Amino acid sequence: LCPLFIAIKIAMRQVVALGQDWDTPLLDNLQITWRSFARGLINFPEVKFPRSVRPPDPIGRPELIGFWDGSDDAYAGVVYVRWKTGHDTWHVAILCAKARVTPIAGLSTPRSELNGLLVLARLVDNCVRSLSVLPSRVTLIGDSTCTISSLEATASKLASYFSNRVREIDDIIKQTHTCPVNDISVFDEISDQLSGTFVDKVYH
């Protein structure tokens, strides 16, 4: 439902930006947009999802895989849970997602992308605390080289907006990483013998 609602929130931002009174009729092009939303909601198919994200026969502990992105319209993060179920088979399900509208002014695309990673880091932190089984691995993936470069930079060299958010993201990653090993390739599977949670470096 997250992609459906964020589209409506983005459209609401356009309406609010007009600064019109509450009872002022919308412009014709906006009326078309909102009537389309209303029809879409009325005709939306029934949504069903299993309450449990754990398969009936998992092997070992789960992994969390998160993706983030940001733009001038919105930024978001989504977390998937991945369970091994056989020698070369896995069960993957969406665990949670969150999207927020980018403010009209004061937030550039690089800032929006950084906020996307921050939303994802907070989601992962909540997931790790909420799962009944400690995940064996956490992987964060995004397409923003600017954000990844910010994480690799010294926080003191960044402007305060980036510095504060990078510090929080870094704190969450360090707090989540409880595995004694630090050099596992993202292409290698985690051994069931390892204790704690291994957090990969943020990947592009």
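The values are calculated or read from the model by the stated rules, or taken from the named source; none is laboratory data. None of these values were measured; they are calculated from a predicted model. No Cβ is skipped: glycine too gets one built from the backbone with ideal geometry, and neighbour counts run over all protein chains shown. Quick note on the areas: whole protein, heavy atoms, side chains included, nothing else; ligands and nucleic acids left out. Shrake-Rupley method; radii C 1.70, N 1.55, O 1.52, S 1.80 Å.
When you check VAL78 against the structure, is it touching a residue at least 60 places away in the same chain (Cβ under 8 Å), within 27 Å of ILE141 (Cα to Cα), of a type in the set (A, V, I, L, M) and touching a Phe, Trp or Tyr at 6+ places or on another chain (Cβ under 8 Å), yes or no?
yes
Residues of the range 119-140 being surrounded by fewer than 16 Cβ atoms within 10 Å (Cβ to Cβ) and not basic (Lys, Arg), which ones?
ASN126, SER130, SER132, VAL133, LEU134
If only one of ILE6, ILE10, ILE42 is open to solvent by 40 Å² or more (accessible area, probe 1.4 Å) and among the β-branched types (Val, Ile, Thr), which one is it?
One residue alone meets the criteria, ILE42.
Just wondering, is there one or more residues in the range 174-196 that are within 22 Å of LEU107 (Cα to Cα) and either among the charged types (D, E, K, R) or surrounded by 13 or more Cβ atoms within 10 Å (Cβ to Cβ) (or both)?
First, pick out the residues of the range 174-196 that are within 22 Å of LEU107 (Cα to Cα): none.
There is no residue in the range 174-196 that is within 22 Å of LEU107 (Cα to Cα) and either among the charged types (D, E, K, R) or surrounded by 13 or more Cβ atoms within 10 Å (Cβ to Cβ) (or both).
Among all residue pairs at least 6 apart or on different chains, which show Cβ distances below 7 Å where the first residue, located in the range 105-130, is touching a residue at least 40 places away in the same chain (Cβ under 8 Å) and the second is in a loop (DSSP other than H, G, I, E, B) and open to solvent by 30 Å² or more (accessible area, probe 1.4 Å)?
SER112/SER71; SER112/ASP72
Run ILE59 past the list (1) open to solvent by 90 Å² or more (accessible area, probe 1.4 Å); (2) in contact with a strand residue (DSSP E or B) (Cβ under 7 Å, 6 or more places away or on another chain) and report the number of the one that doesn't hold.
All conditions pass for ILE59, except number (1).
Please pick out the residue among GLY116, GLY66, GLY77, GLY86 that is of a type outside the set (A, V, I, L, M), out of contact with any Lys or Arg (no Cβ under 8 Å at 6 or more places or on another chain), open to solvent by less than 80 Å² (accessible area, probe 1.4 Å) and under 22 Å from ILE8 (Cα atoms). First the steps, then the outcome.
Working: GLY66 fails: under 22 Å from ILE8 (Cα atoms); GLY77 fails: out of contact with any Lys or Arg (no Cβ under 8 Å at 6 or more places or on another chain); GLY86 fails: under 22 Å from ILE8 (Cα atoms).
Step by step, each of GLY116, GLY66, GLY77, GLY86 is checked, and only GLY116 is of a type outside the set (A, V, I, L, M), out of contact with any Lys or Arg (no Cβ under 8 Å at 6 or more places or on another chain), open to solvent by less than 80 Å² (accessible area, probe 1.4 Å) and under 22 Å from ILE8 (Cα atoms).
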